[in-house]
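Novice: Structure below; questions to follow.
Quick note: the coordinates plus some simple rules give every number you see, no bench work behind them. Only a predicted model underlies this, so the values are computations on that prediction, with no experimental measurement involved. Because the Cβ atoms are built from the backbone with ideal geometry, glycine has one as well, and the counts that use them run over all protein chains shown.
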C-alpha cells in the first residue's frame, strides 16, 4: 500500500476510528438500540468514503463497478443522520417502509452511471475513474446532487432538533436540555465539514490540483478531529437521550387555532382565575415533586384541557412549562437547604425529593435561579 500524502494518512485514521466507533455502538446494550444502529451504519459509510485511498488501490483497479458503487453509498448518509436525529429526539419515531423514498437520490446516482459506466467495458470504466480527460458530465451531476442533498438534510435535522427542544420545554418538567445543544454542535460540525468538502470538489471539477490537494488535507484533518470528538463525547456521556412526542403541537400552533371568547375582558378574567387556581395547586399540593410531571398530567389534576393549560403557561405567563415547574422545585430545595435541622440530608436526596431526576439538571437549574451551586447556597446558612 502506497500513501501519497498527509491526507491519505488522515483518511485512513478517520476510516479506522469510524469503524471502531460504529462496532462499539453496535455492541452496546441500550434502550436506544435503533438509534445506535442508525448512527453506526452512518459511520460505516463515512469510513468507506474516508477509506477511498484503500478502495482506490485494492478495489477500483480490479472491480471498478463495485468500487464506484461503494462510493455512491455516501448518498445514504444524509438520510441516516436525519433518521438518527429523529430517533433520539422523538419517542414515537420508528422506521417504516415509506422512508425508503429517502434512498431516491442514491438510486438516481446509480441510474445516471448505468449507460456510460456500468454498461461500459473494463478499460472504459478505468478511464472514467482516472478522469484522464476530465470528469464526465454524470460525475459532475452526482457531485452537485450529493451536496444539494446533504444541505437539505442538514436543514431538516436542525429543524427537528429545535422543534423537539421547544416541545420539551413546553410540555415536560424534566429532561436534559444540554443534550439538544450537543445535537446542534454535532450537526454544525458536520455542516462545516461539508462546506470544506464542497470547496474541495469545486477545485476538483475545475482541475485545480494545488488548491484541491490543500482542501483535501483540510477536509481529512477536520473529519479526523470530528470523529475523535464524537468518540470522546460518547464515551464521556453514554446516555444522551431525552425524547418527546413528535405529534404534540407547538404553543404557537395552539394559539393560532384557539377560539376567542366573547370579549377580551371576559377572556382575561377567566385566564386570571385559572392562573390563581394553578398557582394555588402548585403551592398546596406540590405536584412538581413528581419527576415525570407533564403538561398533560397537570391538566388532568386541574380538570383543564391540556391545550388550554399549555397556552396559559407557555404563552400567557411568558414562561416555558419546564421552567415554570422547576422554579417551584428550586424554591422547595432552597427551603430545605436553608433549614439547619435538615443539614444531614444530602444534595442528591434533596434533588430527588423536589422532583429532579439528575444531578446535572438540578445544578444547572439551581445556579440559573440563585447564581450559586446548591453547596454554596447551603453554606450561607451553616455559619
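Novice: Pairs of alpha-carbon atoms within less than 8 angstrom and 6+ residues apart define the contacts here; what relative contact order does the range 173-231 have, in percent? Let's see the in-between values first.
Specialist: On the way: 22 pairs, mean separation 18.7, N = 59.
Once normalised by length, the contact order is 32 percent.
Novice: Further question on the same structure: The range 126-188: percent of C-alpha pairs farther apart than 16 Å?
Specialist: Roughly 62 percent, once rounded to a whole number.
Novice: Can you compute the label reach from residue 253? Point 7 Å from Cα along the Cβ direction, backbone N cut-off under 20 Å, restricted to the range 151-187.
Specialist: 155-173
Novice: Next question, about the same structure. Using only Cα atoms, what is the ratio of the radius of gyration of the range 264-379 to 2.2 N^0.38 Å?
Specialist: 1.16
Novice: While we're looking at this one, here's another question. Over the alpha-carbon set of the range 64-214, divide Rg by the Kirkwood Rh and report the Rg/Rh ratio to two decimals.
Specialist: For the range 64-214, the value is 1.08.
Novice: Right, something else. Counting each DSSP H run of 4 or more residues in the chain as -39500 (n - 2.57), what helix-only mean residue ellipticity at 222 nm follows after dividing by all residues, to the nearest 500 deg cm²/dmol? Please report the intermediate quantities before stating the final value.
Specialist: On the way: 18 runs with 265 residues, N = 383.
It lands at -22500 deg cm²/dmol.
Novice: Relative contact order, percent, of the range 6-236 when contacts are C-alpha pairs under 8 Å separated by at least 6 residues?
Specialist: 25
Novice: Related question: By what distance, in whole Å, do the Cα atoms of the chain stretch along each of the three principal axes, largest value first?
Specialist: Extents along the principal axes: 82, 58, 36 Å.
Novice: Additional query: Can you tell me the Rg and the Dmax, both Å, for the Cα atoms in the range 1-84?
Specialist: Cα-based Rg and Dmax for the range 1-84 come out at 14.0, 44 Å.
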